[in-house]
Amino acid sequence: MSDQKAAEAVVDPRADKGAIAEAGLLGRAINAGGLVFAIGIVCAAAILINEVVLRYVFNAPTIWAHETTIFICGLAFIYGGLYCAARDQHIRVVLIYDYVPLKVRRALDIVISLANAAAAGMFAWAAWSMVQRAIFRPDGTIWIERSGSAWDPIFPGLLKIALFLIMILMCLQFLILAANYARGRK
């Protein structure tokens, strides 16, 4: 075996494999959806470059670039937590986890997934109260919260709705993970 082939054989086996098997069909869909948000980040960068050129070269800034990039990046950051959960690439403290036997790790995976599902459920409940204020007037009519700027888009209301929906999906994803860890699915 050549040195190059030996180096390729040592590559991390989990690199770029997408969602873990325990994440199920939902995890695979979440992983595929990540591409949309990655493209959104590239679009946000292009919008900012456009704004810099318009502002400093042509002295003709826009009123929409700043809020649009904040909205796109906000959506991507909210989705990022769900994306990391499906791929099992979130930050974790492994001080104990790495030193226990596989059966104990499996039990820890179940407990951690259930705790995360409970936390995501509580965050979804809290997000629902924000959504209610962001999309309903006190008389019950629908009115989506706006930014209040000169352009005045409905981005703040849409971000709150997205947060609520993603927290529900995250709760569901952690429940699927817990069930599949309990079944021993790999």
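Listed here are the residues, each with its yes/no results for (1) over 21 Å from A178 (Cβ atoms); (2) under 18 Å from the mean Cα position of the chain (by Cα); (3) modelled with pLDDT under 95; (4) not in a helix (DSSP H, G or I).
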| position | (1), (2), (3), (4) |
| --- | --- |
| G18 | no, yes, yes, yes |
| N31 | no, yes, no, no |
| L35 | yes, yes, no, no |
| A45 | yes, no, no, no |
| E51 | yes, no, no, no |
| F58 | yes, no, no, yes |
| I63 | yes, no, no, yes |
| I70 | yes, yes, no, no |
| C73 | yes, yes, no, no |
Is it true that some residue in the range 82-95 is touching a residue at least 12 places away in the same chain (Cβ under 8 Å) and among the small types (G, A, S)?
-> yes
Before we move on, is S113 hydroxyl-bearing (S, T, Y), assigned to a helix (DSSP H, G or I), out of contact with any strand residue (DSSP E or B) (no Cβ under 7 Å at 6 or more places or on another chain) and under 30 Å from N180 (Cα atoms)?
-> yes
Search result, residues across the range 20-29 that are over 14 Å from the mean Cα position of the chain (by Cα) and in contact (Cβ under 8 Å) with a residue 12 or more places away in the chain = I20, A21, E22, A23, G24
Of P138, P153, which residue is outside any helix (DSSP H, G or I), of a type outside the set (D, E), more than 26 Å from Q173 (Cβ to Cβ) and touching a residue at least 40 places away in the same chain (Cβ under 8 Å)?
-> P153
Go through the range 104-122 and give me each residue that's within 30 Å of I154 (Cβ to Cβ) and either touching a residue at least 12 places away in the same chain (Cβ under 8 Å) or among the aromatic types (F, W, Y) (or both).
-> A120, G121
Can you give me the number of residues within the range 136-164 that are closer than 23 Å to F123 by Cβ and loosely packed, with under 15 Cβ neighbours inside 10 Å?
-> 1
When P101 is run through (1) surrounded by 12 or more Cβ atoms within 10 Å (Cβ to Cβ); (2) free of Cβ contacts under 8 Å to residues at least 40 places away in the same chain; (3) not aromatic (F, W, Y), the failure sits at (1)
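The values are calculated or read from the model by the stated rules, or taken from the named source; none is laboratory data. For clarity, every value in this text was computed on a predicted model and none was experimentally measured. Neighbour counts are summed over all protein chains in view; Cβ atoms, including those assigned to glycine, are modelled from backbone coordinates with ideal geometry.
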